[in-house]
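> One structure, pasted below without further comment.
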Amino acid sequence: MAKEKLTAAEWELVKDAPLWVNFVLWAGDKKGMAGTERREKAALEETLKNYRTTNALIREVLADDSEPSEQLKKVSKAEAEVALGRIASIVESKLGDDDLDAMNEFLLQVGRNVAAAASENTLGMGDKVSKHEGAALKELEVLLRATDAQKKARRDNALKEQAATAAAAKQQADAKATADQARKDAAAKAEQARKDMEAKAKADQEKKEAAQKERLEEAREKVEARQKEAEQKERLEEARQKVEARQKEAQAEREAKAREEAARAEAEAKAREEAARAEAERVAAEKAAAEKAAAEKQAAPRFTEFIAEHTVVAGDNLSFISQKYYGHQGNFRLIYEANKDVIGDNMSLIRPGQKLRIPKL
């Protein structure tokens, strides 16, 4: 099961993925409009109910009936976007590209249905999905690593990994073939030594039989017979010692080859371990550099010029203020980002008396 490959915290995040998508879309400029939240919720529920797939991960997400994470009740849109990025990273690293593609297809379908529901009957005109919702869906594709460029990059990486795996397999096969040939050569030498010993033993046996015949023929010469018998015994002992010596040499040769093979395998394992450690250090260095650059970019002030200062009155919201100073409601987020330190994390909650600076475009 896909769920068993994830930690409890990772599954808690992944199983709520459709809700994170809904939150990102809901937190846009339609938040608070009459009927929008109800239509979005209905579209989300209908999508989850009718979605069909053979992918095990998506089926487990759809089958999970646990309560949504408490974190969904008190996060900002930026935090929700970070959560979706983490979900994509978890699925890609723990489950692989196929599950990531299936998850992206599922979440983008959720996003399209929710976006369509949010734009439905808006002012009675316009496209099924507004330009704002279309932009939000494009942003969602990037967060989920579902753009064509991101998919191509994953495919390219997979091909590179396959090539590396094939090269390693070939190298291993070549090493095994070399070892097999060495074993065959050693076996051939041992077999030849065995045949040589058998031939020597046979020759010795023939000599022994000849000596025995000779001793029978020269039975009358007892002294000479005993002397020849002693000489025969000495030769047999020498042959036995030579056979034993050759056997010990063959055994020592086999043991030396085994030790050499073990040392080579250990050296190869250490080389692979060093390469993996170097790669991990390189990735960590790149990540640290990227985080430092992001921090420096975030620290720089975005807004330096302002066209007016607006004092909030009862009934105001950021969309109305954008309409007043820019002629349309679309720049409400710029006003929020320029005054986040005054407004706080909830852009929809502004209070009478607050003084907001209107940034110059």
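The values are calculated or read from the model by the stated rules, or taken from the named source; none is laboratory data. This is a predicted model, so every value here is computed, not measured. When we count neighbours, we look across all protein chains shown, and the Cβ atoms used for this are built from the backbone with ideal geometry, even at glycine.
> Across region 1-17, which residue is modelled with the highest pLDDT among those that are in a loop (DSSP other than H, G, I, E, B) and of a type outside the set (A, V, I, L, M, F, W, C)? Show your work before the answer.
If we filter region 1-17 for residues that are in a loop (DSSP other than H, G, I, E, B), which is where we start, we get 1-2, 6-7, 16.
Keeping just the survivors that are of a type outside the set (A, V, I, L, M, F, W, C) gives 7, 16.
Working: 7: 92, 16: 88.
So the residue we want is 7.
> Of all residues in region 141-194 being among the β-branched types (Val, Ile, Thr) and closer than 20 Å to residue 86 by Cα, which is modelled with the lowest pLDDT? Reasoning before the result, please.
Step one: of region 141-194, the residues among the β-branched types (Val, Ile, Thr) are 142, 147, 165, 178.
Add one more test, that the residue is closer than 20 Å to residue 86 by Cα, and what stays is 142, 147.
Numbers: 142: 84, 147: 77.
Filtering region 141-194 for residues that are among the β-branched types (Val, Ile, Thr) and closer than 20 Å to residue 86 by Cα, the one modelled with the lowest pLDDT comes out as 147.
> Follow-up. Within region 70-108, can you find the residues that are modelled with pLDDT of 85 or more and farther than 21 Å from residue 150 by Cβ?
79
> Could you check region 140-158 and list, in sequence order, the residues that are free of Cβ contacts under 8 Å to residues at least 40 places away in the same chain and of a type outside the set (Gly, Ala, Ser)?
From region 140-158, those free of Cβ contacts under 8 Å to residues at least 40 places away in the same chain are 141-142, 147-150, 152-153, 156-157; that's our starting set.
Result: 141, 142, 147, 148, 150, 152, 156, 157.
> Quickly run through region 313-361 and pick out the residues that are among the charged types (D, E, K, R) and free of Cβ contacts under 8 Å to residues at least 24 places away in the same chain.
Narrowing region 313-361 to residues among the charged types (D, E, K, R): 316, 324, 333, 337, 340-341, 345, 351, 355, 357, 360.
Answer for region 313-361, where residues must be among the charged types (D, E, K, R) and free of Cβ contacts under 8 Å to residues at least 24 places away in the same chain: 324, 340, 341.
> Test residue 60 against the stated conditions and say whether it is of a type in the set (D, E, K, R) and assigned to a helix (DSSP H, G or I).
Numbers: of a type in the set (D, E, K, R): yes; assigned to a helix (DSSP H, G or I): yes.
In short, yes.
> If you don't mind, there's one more thing I want to ask. Since residue 66 meets every condition but one in (1) surrounded by 15 or more Cβ atoms within 10 Å (Cβ to Cβ); (2) among the small types (Gly, Ala, Ser); (3) touching a residue at least 40 places away in the same chain (Cβ under 8 Å), which condition does it not meet?
It fails just one condition, (1).
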